[in-house]
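Student: The structure that follows is given in the form of structure tokens.
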Amino acid sequence: MLTEIKFGTSGWRAILADEFTLANVRRAVGGIARYVASQPAPQGQGSSHRVLVGRDPRFLGERFVAEAARILARNGVTPVVIPEPAPTPAIAYAVRRQKASGAINFTASHNPPEYNGVKFSTADGAPALPEVTTKVEDAIRALGTEQETAADTTPDTPEQIDVKPEYLARLEELVDFTAIKKAGLKIVFDPFWGAARGYSSDLLRRHGVEVATVHDYRDVLFGGHAPEPDGPLLDHCRSKMQETGATLGIATDGDADRFGIVDAGGWFVQPNYVIALLFEYLVETRGWKNGVAKSVATTNLVNAIAEHYGIQLHETPVGFKYIGELINRDAIAIGGEESAGLTIRGHVPEKDGVLAGLLVAEMVARRRTSLKEQLARAFAKYGSFYPRRENFRLTGEVKQKFTEKMRQDPAEVGGRKVSRVVRTDGLKLIFEDGSWACYRMSGTEPVVRVYTEARSERDGEALNQAAQSWVLG
């Protein structure tokens, strides 16, 4: 079945054997190839274009990579195949190092195992911006009923590249492994059967750090659930920490662009808090004060730290490509999203879950305190912040009514007076007491995402209930 292919905040994703078929993959790659061929080649490539083709460990990934290589070659673009599963940030780094025209990455990131997807990165290693993906979608539509069929011949021995060595070398420049070893940290790494297998653990062992792993083998079903390093799915990591006496657990999702952190005692640390703590830590240790970026749905603890240090704050729509733009301009020291994505100055303009976990290990090692203690100190210094996120599935009728409702500017929600309305992405309501609620409609399903943040844990529950009631009221 041919389907309309739309690139969302992080590429095109669909269910295998439903919409994610070889026929549709050929169309998607054909559209990307036509877009790339229409652009000037990056400096140093002459008039030719080279595009990296990679994947995570999902089912049929090897077949999709091979098919993409054939379609690219047929359209006059030289494919450079990454033969082993590779983290999205490692592919992004390789694009920049190779001065390639971009990368096609077959991954559905943290989505359940029945999904696959296509991420397209441009020559700067960043996720393609809407102005690019719109042109790719136009190129796909221009194919009409004409289909990209399997090529008659395979390119003569497609060029291959191992992206791991240079990427690990870059991480060694960004992270203080000596401090981690000196502190005697014991770490558990959980790659969730994903693309980061052999990355974080290899680096830590190379530097003499004691590290144990869980889920360190390929399983295309990801244990029967989404490869998402969220609190409820990290029990095996917690068990291994208890077994080995580890004080820190670090995890990555299917393509290793997202992170999950487990503190001493098994406490899952919200990505919101990890981003804020690392921001403060980088200011203290690197002296970077050029700026900070966060998505509209990310904690205002970041705002408070920025205000304390006199650092410019950039609040972006959801979608890491917007933070990537600021990284490319060297406008920020760190950028992060509450959905567990971050990167730092001088690195790739793409989420890097591997880097995030290693930086947390460095921070714990150098501060010699648990993350829970570090957060308590931050609350004492900057004020307390309690963010939450809920997803609500809507019927067709309720979705239509709520979509109309989001176009209005409410004066109050649940008795809380609205002091400011922000429409950077969706509808964000700032209340007089500094708490806020943000509503975003999913682009792929009848779901509204509701983000809230209060200044006390007790008020957080009340705000969450009020925000939910407003959806259905």
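Student: For the chain, what does the relative contact order come out to in percent, with C-alpha contacts under 8 Å and a separation of six or more?
Tutor: On the way: 989 pairs, mean separation 60.0, N = 473.
Here the relative contact order equals 13 percent.
Student: Within the chain, what is the longest stretch that has no GluC sites (Glu not before Pro) placed in a DSSP loop and near at most 13 other beta-carbon atoms within 10 Å?
Tutor: Numbers: sites that count: Glu4, Glu146, Glu432.
Free of exposed loop sites, the longest segment is 147-431.
Student: Restricting to the chain, what percent of DSSP beta bridges are antiparallel, rounded to 5?
Tutor: Of the beta bridges lying entirely in the chain, close to 60 percent run antiparallel.
Student: Could you name the lysines whose alpha carbon sits less than 20 Å from that of Lys186, not counting residues in the same chain fewer than 8 places away?
Tutor: Output for Lys186: Lys240, Lys372.
Student: In whole Hz and in residue order, list the ³J(HN,Hα) couplings for region 204-211 that follow from phi through the Karplus curve 6.51 cos²θ - 1.76 cosθ + 1.60, θ = phi - 60°; x for Gly and Pro.
Tutor: Using θ = phi - 60°, the values come out as 5, 5, 4, 9, x, 8, 7, 9 Hz.
Student: Could you name the aspartates and glutamates in cross-link range of Lys399, using Cα to Cα under 20 Å and dropping any fewer than eight places away on the same chain?
Tutor: Hits, sequence-local ones excluded: Glu390, Asp409, Asp425, Glu445.
Student: To make sure I understand the rule: partners must be lysines, Cα under 25 Å from the Cα of Lys405, and not fewer than 8 residues away in the same chain. Which ones qualify?
Tutor: The reachable lysines, counting only those whose Cα sits under 25 Å from Lys405, are Lys417, Lys428.
Student: Can you flag which of Lys99/Lys289; Lys119/Lys351; Lys6/Lys119; Lys182/Lys381; Lys6/Lys135; Lys119/Lys321 are past 18 Å Cα-Cα? Walk me through the numbers on the way to the answer.
Tutor: Values: Lys99/Lys289 29 Å; Lys119/Lys351 13 Å; Lys6/Lys119 11 Å; Lys182/Lys381 28 Å; Lys6/Lys135 11 Å; Lys119/Lys321 12 Å.
Among Lys99/Lys289; Lys119/Lys351; Lys6/Lys119; Lys182/Lys381; Lys6/Lys135; Lys119/Lys321, the Cα-Cα distance tops 18 Å for Lys99/Lys289; Lys182/Lys381.
Student: Please list 3J(HN,Hα) in residue order for region 455-463, calculated via the Karplus relation 6.51 cos²θ - 1.76 cosθ + 1.60 where θ = phi - 60°; whole Hz, with x for glycine and proline.
Tutor: With the stated coefficients, region 455-463 comes to 9, 9, 5, 5, 5, x, 5, 5, 5 Hz.
Just so you know, all these numbers are worked out from the coordinates, no wet-lab data involved. Given the structure is predicted, the values throughout are model-derived calculations rather than measurements. Positions of Cβ are backbone-derived with ideal geometry, glycine not excepted, and every protein chain shown enters the neighbour counts.
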